[in-house]
Amino acid sequence: MKDFEFHRPASIKDAVALVAGTSGAKYLAGGQSLLPVMKLDLAEPPALVSLARLPGLADIRVDGGTVAIGALCTHDQVARSADVAKAIPALAALASHIGDAQVRNRGTLGGSVAHADPAADYPAALLGLGATIVTDRGKHAADSYFKGLFETSLADGELVTAVHFPVPRRAAYAKFAHRASKYAVVGVFVAETAGGVRVAITGAGATVFRSAAMEAALTSSMTPGALDGITVPADDLNADAEASAEYRAHLIGVMAKRAVAALR
Amino acid sequence: MGNAQGIGAAVKRKEDRRFLVGRGQYTDDVTLPNQSFAVFVRSPYGHAKVNGVDAKAALAAPDVLAVLTGADVAADGLGGIPCGWLVKSKDGSNMVEPPHPALAQGKVRHVGDPVAMVIASTKAAAKAAAALVEVDYEPLPAAGLLANAIAPGAPQVWDEAPGNVCFDWHIGDPATTDAAFAKAAHVVELDLVNNRVAPNPMEPRAANGSFDGANDQYTLYTTSQNPHLTRLLLAAFTLKVPEHKLRVIAPDVGGGFGSKIFHYAEELLVLWASRRVGRPVKWTSDRMEAFLTDAHGRDHISNAKLALDADGKFLGLRVHTYAAMGAYLSTFAPAVPTYLYATLLSGPYDFPAIYAEVKAIFTNTVAVDAYRGAGRPEATYLLERLVEQAARQLGMDRVELRRKNLIRADQFPYQTQVALQYDIGDYQATLDLALAQGDYAGYPARAAASKANGKLRGFGMSTYIEACGIAPSALVGALGARAGLYEAANVRVHPTGSVTVFTGTHSHGQGHETTFAQLIADRLGVSTDQVEVVHGDTDRIPFGMGTYGSRSASVGGSAIVKALDKIVDKGKKIAAHLLEASVADVEFKDGQYRVVGTDRVKAFGEVAFAAYVPHNYPIETVEPGLEESAFYDPKNFTFPGGTHLVEVEIDPETGVVEVASVTIADDVGVIINPMIVDGQAHGGLAQGIGQALLEEAVYDAEGQLTNGTYMGYCMPRAADLPNFKVGNHVTACTHNPLGVKGVGEVGAIGVPPAVINAVLDALAPLGVTDISMPATPEKVWRAIQAARAGKGA
């Protein structure tokens, strides 16, 4: 690991200014994605701006039809939140299966959302629920936020401060975890929302995506059987040593059915 | 035995407190005054010419002390890393034994092959400078996979080994085996791959070498399972210095599983570099380096045929195996697929004829050498897959087919057709115990319950044997070992009656500080708290051959017992004097010397005190002091065996295999500490299940290790495993004084075929007949798809 500057500002404004002031500087939240790549010298940021002292970013608020979760909330915090469990049980359950206990104790919602790992779990919930990503300078709808492999609509230096999840009527997340890394080989989030049925798939492609065919089928009948014969083409899916594209395509069908069966 | 801490007692591990509170002292914890640090520049290619190494920029970097290369190794006359075992081919010729320079000279032959060593006053500086070393590589075609290396026209790892063959060896009688097959009613045949695995001890390898120029004295701290052998090889072959000028210390070692038996180049290089730079030099492997440079295990491709008569009695076995050696021959590598593998092919069965051929093959990969079980898991996997296939093919009950062919208790000692003579066992008893403990009778109900939940349940078993306590020296010498395989012990009774035991075995997780203390408690009647067990330091311990092959209790423990016998005998003479009795009338029991049939006694502590304060003492005939040494060279291997039962549940939609239950019944001989025996069984089972379902070190054709991180290489975790049911049935080993056999490897040996047999049992109704290890979800799913497609067609 190369030497780097380390800052711990006390305000969002200072944090944003520090990242803007050094080319290549990175925000550091839980460090569960950034630090491993730095240890391997795959990322060599000249400065890290720790978010640990920023006030008010680790709160969870349920307000009417929205669950607002601060960017610095750890996965464990979300998994154990009685408020989240009551409003969107699928979201609490999703958080409880991210990585392992060590990752959940350090990793944050904001870090995961900003990093946009194609195999991360949270993006499925954001897209599946039609969440809103709140930043220091505005808001992004999940539908237009995830652009590609590790690519989002965030501008350079834009800091995620919270995510607002609309409370669905019912939702569920079914994940097929990589045996070694515990990332999602395929994760499917199914939700019945005010705006209709949403099916978001993570782990399988370059970034999280929705399946219009599954949404249409489930709009007609919210049953596992409604998904019979509906496939996601394997052509654009990820392939690696753990799972071929063909197997991932198959798993999408299986996980989607299991999510439908688990809706609550 | 009259002592609550003696043999058979579940004494809690004395060593665990320091491990649990983080106060163990591992090699990397040792930082010497004026310490410097080494980082290696390693080949990124599986096979390449090295046209030059330019170290100018690295040498100019801050805090750099030296950059050393293969040319420096050659100029200073360092010896190549030797192989400890010579195997001869069928035609009597010696195996091809290529040179293994400590730093590459002219060519690199696997990813991770060290090319240069950068030494700096901080690790960060060494790492930064290593990135500045420019190596001019000219990539060559590589034989990265065993399957490629044996193909006609394959790239040559060594010019002197045509077809990449290191040796072409055989064992058994081809003529009687041919005759057996000629009269067979049934022949069952399987092609099998035993998957390559990376050892992954929790503590990566490390070495810290220092040279004291004032005294010409070298000291090496290293993560070794056998510091004396490392010293011997350094002194005689690689560093070439007098043995008494070299101290090797293997302090706390965090697991080895075989991978830390061997003498590695880094051990030599840190000592040599320390002499060159005038400062201690420390190297600590990181995890990715460990994947690339620790000797791997297994990696066989085999064809096996079993001949049976019409009643299912085994008539003969014919095996052909290709075994990967890697690019260089590691310390025990040639012994693993020969004397630790093919000699075990009779398993626990009565075989009238066996013939096995083994071709050892060079590959452009890191070396393959002993890994927990070493050869015996490969033999067991082959045999138990074959026996299961026979039961299926012949329509016979899997339990009864085994029962019919197991060696009966009245057949011991049993001479196999592949050199070994089993001294004792009771394979029917362990089979019955396992079936009872595993509620085999209740299996159909469990299978029905799984089916009702949409899962496929399968039952698999293996009946296995292994050879432990590798010895005797004369035999292994005749088989090509270049070292003896005895063990040494020194028992020092202190004046106040406490005891220090010096053992040549090495504990890196086995709990010797407890089990060996129990031997002392048992024999001398002292508390285990009064005993300290010292290992891992060549300056403190007389000699030793280390710990591997489940040899510590049977060989090392026996050496301790021999020394204890001498202590007791000497004490008897002292006690007789104190008790004014004749030696013949004194007995020793429960920590007391007693004049037989009287209440005249001297406690052991009183006798020890008299030995050191010999005021009233038989000084004319008995020397003062109470300290004895012993060497023990066993008459034979020991032969643990047993039955392992596994039930799996498979999710047919995803192919995920869940291990639903594991029940084992082993005969590991006399049990010193049942808790530690259970723990060893658990650890071995975890690794065996890991090999069967999760683990595989995957090289590609170019010799790149494609999954050398924990993001890709799947280690077993607690959540992957059920609670194990472990039972024991004891027959005492006939030829060592403790009656012990060994337990360190049984889990890794017995369970992999039981897991795969269970998977195949679950999938049999769908028409799946074969699956290879590891049985990953996609592999299982594909097998199901292929079987369904085949049925539909």
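The values are calculated or read from the model by the stated rules, or taken from the named source; none is laboratory data. Bear in mind that the values here come from a model prediction, so they are computed numbers and not experimental data. Cβ sites come from the backbone with ideal geometry, for glycine too, and all protein chains shown count toward neighbours. The accessibility values were calculated without ligands, DNA or RNA, using every heavy atom of the protein model including side chains. Shrake-Rupley method; radii C 1.70, N 1.55, O 1.52, S 1.80 Å.
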Query raised in the report: For chain B, what is the relative contact order in percent, using Cα pairs closer than 8 Å and at least 6 residues apart in sequence?
Result: 16 percent
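Where Rh is the Kirkwood radius over the Cα pairs of the stretch A:60-261, the temperature 20 °C and the viscosity 1.002 mPa s, what D in µm²/s does Stokes-Einstein return? Provide the component values of the computation, followed by the final result.
On the way: Rh = 16.6 Å.
The calculation lands on 129 µm²/s.
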Report summary line: If amide H atoms are modeled at 1.01 Å from N in the peptide plane, then the residues at a separation of 5 or more from B:Ala481, or on another chain, having amide H under 5 Å from its own are B:Leu86
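At most 13 other C-beta atoms within 10 Å and a DSSP loop state: those are the exposed GluC sites (Glu not before Pro) I care about. Give me the longest piece of chain B that has none. Mind dumping the intermediate values first?
Working: sites that count: B:Glu160, B:Glu580, B:Glu620.
The longest such stretch corresponds to B:161-579.
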Query raised in the report: At B:Ala151 and B:Arg482, where each label point lies 7 Å from the Cα along Cα→Cβ, what is the point-to-point distance in nanometres?
Result: 3.4 nm
Query raised in the report: Nearest 0.05, what FRET efficiency do B:Ala124 and B:Val622 give at R0 = 56 Å with Cβ-Cβ as r?
Result: 0.40
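Per residue, how much accessible area does the stretch A:73-119 have with a 1.4 Å probe, in Å²? Present the calculation step by step, with values, prior to reporting the outcome.
Numbers: 1880 Å² over 47 residues.
The answer is 40 Å² per residue.
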**Report entry** Drop in accessible area of at least 10 Å² in the complex versus isolated chain, residues of the stretch A:211-242, 1.4 Å probe
**Finding:** A:Glu242
Requested in this report: Please work out the FRET efficiency for the pair B:Asp63 and B:Thr769, using the Cβ-Cβ distance as r and a Förster radius of 60 Å; give the result to the nearest 0.05.
Outcome: 0.45
Requested in this report: Can you give me the P(r) profile for the protein assembly as shown? Cα pairs, bins 10 angstrom wide beginning at 0, each as a whole percent.
Outcome: 2, 10, 17, 20, 20, 16, 10, 4, 1, 0, 0
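Against the 2.2 N^0.38 Å scaling, with N counting residues, where does chain B land? I'd like the Cα-based Rg ratio to two decimal places. Provide the component values of the computation, followed by the final result.
On the way: Rg = 27.5 Å, N = 793, 2.2 N^0.38 = 27.8 Å.
Dividing the Cα Rg of chain B by 2.2 N^0.38 Å gives 0.99.
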Report summary line: Output row B,A: buried area (accessible, probe 1.4 Å, summed both chains) in Å², nearest hundred, equals 1600 Å²
Query raised in the report: When Rg is the radius of gyration of the Cα atoms in the stretch A:5-49 and Rh is its Kirkwood radius, what does Rg/Rh come to?
Result: 0.97
Query raised in the report: Share of antiparallel DSSP beta bridges in the protein assembly as shown, in percent to the nearest 5?
Result: 80 percent
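Filter A:Lys2/A:Lys39; A:Lys175/A:Lys257; B:Lys127/B:Lys282; A:Lys139/A:Lys175; B:Lys123/B:Lys282 down to the pairs with a C-alpha to C-alpha distance above 18 Å, please. The partial results should precede the final answer.
On the way: A:Lys2/A:Lys39 9 Å; A:Lys175/A:Lys257 11 Å; B:Lys127/B:Lys282 13 Å; A:Lys139/A:Lys175 28 Å; B:Lys123/B:Lys282 9 Å.
Over 18 Å Cα-Cα: A:Lys139/A:Lys175.
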Report summary line: For the stretch B:691-699, Karplus-derived ³J(HN,Hα) couplings (6.51, -1.76, 1.60; θ = phi - 60°; whole Hz; x for glycine and proline) come out as 5, 6, 10, 10, 9, 6, 8, 9, 8
Query raised in the report: Alpha carbon centre of the stretch A:2-55 versus the stretch B:573-643: separation in Å?
Result: 69 Å
Query raised in the report: Once the Cβ-Cβ distance between B:Lys12 and B:Asn215 is put in as r, and R0 is 60 Å, what FRET efficiency do you end up with, to the nearest 0.05?
Result: 0.90
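In what sequence, largest accessible area first, do A:Lys175, B:Lys566 appear using a 1.4 Å probe? Write out the running numbers ahead of the final one.
Values: A:Lys175 50, B:Lys566 85 Å².
Ranked list, largest accessible area first: B:Lys566, A:Lys175.
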Query - Using θ = phi - 60° and Karplus 6.51 cos²θ - 1.76 cosθ + 1.60, couplings along the stretch B:366-379 (whole Hz; Gly, Pro as x) - result: 4, 4, 10, 8, 5, 9, 2, x, 6, x, 5, x, 5, 5
Query raised in the report: Setting aside same-chain residues fewer than 8 positions from B:Lys14, which aspartates and glutamates have a Cα under 15 Å from its Cα?
Result: B:Asp252, B:Glu513, B:Asp529, B:Glu532
Report task. Could you work out how far apart the two model spin labels at B:Asp410 and B:Tyr710 are, taking each label as a point 7 Å from the Cα in the direction of the beta carbon, and quote it in nm? Result -> 5.5 nm
**Report entry** Which listed pairs, of B:Lys56/B:Lys260; B:Lys183/B:Lys404; B:Lys240/B:Lys260; B:Lys313/B:Lys451, have C-alpha distances above 26 Å, in listed order
**Finding:** B:Lys56/B:Lys260; B:Lys313/B:Lys451
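Could you tell me which of rounded, prolate or oblate describes the stretch B:320-441, using a ≥ b ≥ c as the square roots of the eigenvalues of the alpha-carbon gyration tensor, with rounded for a/c under 1.5 and, failing that, prolate when a/b is larger than b/c and oblate otherwise?
On the way: a/c = 2.13, a/b = 1.84, b/c = 1.16.
Prolate, since a/c reaches 1.5 and a/b exceeds b/c.
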Query raised in the report: Looking at chain A, what % of its DSSP beta bridges pair antiparallel, to the nearest 5?
Result: 85 percent
**Report entry** Inter-centroid distance (Cα atoms) of the stretch A:175-199 relative to the stretch B:1-62, Å
**Finding:** 42 Å
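I'd like the mean, over residues of B:120-129, of how many other protein chain beta carbons sit within 10 Å of each residue's own Cβ. Walk me through the intermediate numbers first.
On the way: counts 0, 0, 0, 0, 3, 0, 0, 3, 3, 0.
Mean inter-chain Cβ contacts per residue within 10 Å come to 1.
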Report summary line: Residues hit by the 30 Å² burial cutoff in the stretch B:702-740, accessible area with a 1.4 Å probe, assembly against chain on its own, are B:Met711, B:Cys714, B:Arg717
Report task. Calculate the dipole size of chain A relative to its Cα centre from +1 charges on Lys and Arg beta carbons and -1 charges on Asp and Glu beta carbons; express the result in debye to the nearest 20. Result -> 760 debye
Query raised in the report: In a solvent-free Debye calculation with one equal scatterer on each Cα, what is log10 I(q)/I(0) for the stretch B:116-204 at q = 0.18, 0.23 Å⁻¹, listed in the order of the q values?
Result: -1.11, -1.12
Query - the stretch B:644-793 shape via C-alpha gyration tensor axes, a/c threshold 1.5 - result: prolate
Query raised in the report: Just the accessible area per residue of chain B, please: how many Å² with a 1.4 Å probe?
Result: 34 Å²
Query raised in the report: Most fluctuating residue of A:Ser23, A:Ser153, A:Ser33 in a GNM of chain A with Cα springs under 10 Å: which is it?
Result: A:Ser23
**Report entry** For chain B, size of Cβ-based charge dipole, Lys and Arg +1, Asp and Glu -1, in debye
**Finding:** 320 debye
Report task. Could you list the trypsin sites (Lys or Arg not before Pro) in the stretch B:579-643 that lie in coil according to DSSP, counting only those with at most 16 other Cβ atoms within 10 Å of their Cβ? Result -> B:Arg600, B:Lys635
Report summary line: Between A:Thr22 and B:Ala310, the two model label points (7 Å from Cα along the beta-carbon direction) sit apart by a distance in nm of 8.6 nm
Query raised in the report: Of the beta bridges DSSP finds with both residues in the stretch B:228-387, what % are antiparallel, to the nearest 5?
Result: 45 percent
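Given an 8 Å cut-off on Cα distances and at least 6 residues of separation, report the relative contact order of the stretch A:60-166 as a percent.
This gives 30 percent for the stretch A:60-166.
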Query - Column: log10 I(q)/I(0), Debye, Cα scatterers of the stretch B:550-620, q = 0.18, 0.19, 0.22 Å⁻¹ - result: -0.67, -0.72, -0.88
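What's the carbon and sulfur percent of chain B's accessible surface, probe 1.4 angstrom, rounded to a whole number?
On the way: 14490 of 27100 Å².
Summing carbon and sulfur atoms, their accessible area is 53 percent of the total for chain B.
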Requested in this report: Run the numbers on the stretch B:744-793: which residues show a drop of 10 Å² or more in accessible area, chain on its own versus all protein chains together, using a 1.4 Å probe over heavy atoms?
Outcome: B:Thr776, B:Pro777, B:Glu778, B:Trp781, B:Arg782
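Using a 1.4 Å probe over the heavy atoms of the protein chains, calculate the carbon and sulfur portion of the accessible area of chain A as a whole percent.
Numbers: 5830 of 11340 Å².
Carbon-and-sulfur percentage of accessible area, whole number: 51.
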Query raised in the report: Around B:Tyr371, which amide H atoms from residues at least 5 apart in sequence, or from another chain, sit under 5 Å from its own amide H, with H modelled in the peptide plane?
Result: B:Arg298
Report summary line: Dividing the mean separation of Cα pairs under 8 Å (6+ apart) by the residue count of the stretch A:5-49 yields a relative contact order in percent of 53 percent
**Report entry** B:Asp539 accessible area, assembled protein chains, probe 1.4 Å, Å²
**Finding:** 90 Å²
